[in-house]
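Nothing in this text is a laboratory measurement; each read-out follows from the coordinates by a stated rule. Since the structure is predicted, the reported quantities are computational estimates derived from the model, not experimental observations. Don't worry about glycine lacking a Cβ; one is built from the backbone with ideal geometry, like all the others, and counts go over all protein chains shown.
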Amino acid sequence: MKLLRIFAAVFMFAGILTGCLALLLLVILMVRFPPLLIAILLACWMFCRLLKLISAAKATTASSP
């Protein structure tokens, strides 16, 4: 059981480390290529608007009988 916990901890550490490395590389790419930064900002803006639209639609359908 202790060996299983050690393996799980190692895999969690590797996953977190990989995620941080991917985020760091994405930031470096965004700084190096400004169109990528614009594309990511535009995608985030569209995603936020979509979430607001979905939550408004849920609120409308939840209040109707």
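Along the Cα→Cβ direction, 7 angstrom out, place labels at T18 and W45. What is the inter-label distance in nm?
Placing both labels 7 Å beyond Cα along the Cβ direction yields 3.4 nm.
Each residue of region 12-28 in order: what ³J(HN,Hα) in whole Hz does its phi give by Karplus 6.51 cos²θ - 1.76 cosθ + 1.60, θ = phi - 60°, with x for Gly and Pro?
Residue by residue, region 12-28 yields 5, 4, 5, x, 5, 4, 5, x, 5, 5, 5, 5, 5, 5, 5, 5, 4 Hz.
Could you give me the ³J(HN,Hα) list for region 30-47, computed from phi with Karplus coefficients 6.51, -1.76, 1.60 and θ = phi - 60°, whole Hz, x at Gly and Pro?
Computed from phi, the couplings for region 30-47 are 5, 6, 6, 10, x, x, 5, 4, 4, 5, 5, 5, 5, 5, 5, 5, 5, 5 Hz.
Quick one, what does Rg over Rh come out to for the chain if you take C-alpha atoms and the Kirkwood Rh?
On the Cα set of the chain, Rg over Rh gives 1.29.
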